[in-house]
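The structure appears right after this line, and notes come after that.
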Amino acid sequence: MTPNTQLLILGGTGEAAALAHRLSRIETLDVVTSLAGRTRAPVAVPGKTRSGGFGGAEGLAQYLSEKSVDLVVDATHPYAARISENAATACTAARVPRLMLSRPAWQEKTKDRWVRVPDAQSAARVLPDMGRRVFLSTGRQDLTPFAGLPGLWFLVRLVEAPQEPLPLANGELVLGRGPFAAEDEEALLREYGIDAVVSKKRGGQAPYGKILAARQLGLPVVMIDRPPVPNGEIVYSVDEAAAWVEVRCKAKPAPPALHA
């Protein structure tokens, strides 16, 4: 009997979970989704999962060899630059085909007031001229650059409460997992008297409500650009990624999902 194709999905995003669900219906494919382990209660995905890092590019290359991985789909967050770089290096070393699944980035609209910056440090530098109350929507990993702004007040939203106090002098933490409707985001910004929003250009619909809300209220958005992606094949939808896998594992296309 021919062994099943072994697929590793570098996950942690909604697109990675959707791809795992889509491919789980292919009997000749074994799927393992790797999660960074930063969230204590990640969204469940079908197939096997692993949590935690690999030990850099060398560790990932060793894992690919030891587990006889045939294909890799990098469906990590658009800002997980180091993971993507390690995946590119490891797959080249292990001679494993790699695909990047990247959600399309948001595009600025006519009524948007975006201030584009390359990183969180740059965002912190421009904020004092934009208001005193800020909705800081960068994620837990990028809060430190804003610690040196004691004159500002920050509203921070995270999926889970952090184990350590936030590194900010003034502000409030709210918890929630998207998607968030634009009208709810607008109500949140009004309730806290927000003057400016800081966001990454994540793309996708789930976090876009705050951008629509800022547009409606005429608030400036400090938009942190995405890091560059490694060279290689890239697609922008779950359907395209699934087709890439199906061709390479010589499987019949997965049947469409059943809807209640």
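The values are calculated or read from the model by the stated rules, or taken from the named source; none is laboratory data. Remember, predicted model here, so these are calculated numbers, not experimental data. Using ideal geometry, Cβ is built from the backbone for each residue, glycine included, and neighbour counts are taken over all protein chains shown. To get the accessible areas, we keep the full protein, side chains included, count just its heavy atoms, and leave off ligands, DNA and RNA. Shrake-Rupley method; radii C 1.70, N 1.55, O 1.52, S 1.80 Å.
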Here is a list: Phe180, Phe146. Which entry is farther than 30 Å from Val73 by Cα and surrounded by 14 or more Cβ atoms within 10 Å (Cβ to Cβ)?
Phe146
Which pairs do you get when a residue that is among the aliphatic types (A, V, I, L, M), found in segment 160-181, comes within reach of a residue that is modelled with pLDDT under 90 and open to solvent by 60 Å² or more (accessible area, probe 1.4 Å), reach meaning Cβ atoms under 6 angstrom, with the pair 6+ apart or on two chains?
Ala169/Pro150
Give segment 66-125 a look and list any residue that's among the charged types (D, E, K, R), assigned to a loop (DSSP other than H, G, I, E, B) and open to solvent by less than 30 Å² (accessible area, probe 1.4 Å), or say none.
Asp112
How many residues are crowded, with 22+ Cβ neighbours inside 10 Å and either out of contact with any helix residue (DSSP H, G or I) (no Cβ under 8 Å at 6 or more places or on another chain) or assigned to a loop (DSSP other than H, G, I, E, B) (or both) when one looks only at segment 50-65?
0
Which members of segment 183-221 meet the condition of being among the small types (Gly, Ala, Ser) and within 18 Å of Thr138 (Cα to Cα)?
Ala196, Ser199, Gly203, Gly204, Ala206, Gly209, Ala213, Ala214
Go through (1) under 18 Å from Gly12 (Cα atoms); (2) free of Cβ contacts under 8 Å to residues at least 60 places away in the same chain and name the single condition Val73 misses.
(2)
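Table: residues versus (1) within 23 Å of the chain's Cα centre (by Cα); (2) in contact (Cβ under 8 Å) with a residue 12 or more places away in the chain; (3) surrounded by fewer than 18 Cβ atoms within 10 Å (Cβ to Cβ).
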| position | (1), (2), (3) |
| --- | --- |
| Glu185 | yes, yes, no |
| Glu191 | no, no, yes |
| Ile194 | no, yes, no |
| Gln205 | yes, yes, yes |
| Tyr208 | yes, yes, no |
| Ala214 | yes, yes, no |
| Leu217 | no, yes, yes |
| Val235 | yes, yes, yes |
Of all residues in segment 1-12, which are at pLDDT below 90 and touching a Pro at 6+ places or on another chain (Cβ under 9 Å)?
Gly12
Need the failing condition index for Glu15 against (1) over 20 Å from Asn231 (Cα atoms); (2) open to solvent by 50 Å² or more (accessible area, probe 1.4 Å), just the number.
(2)
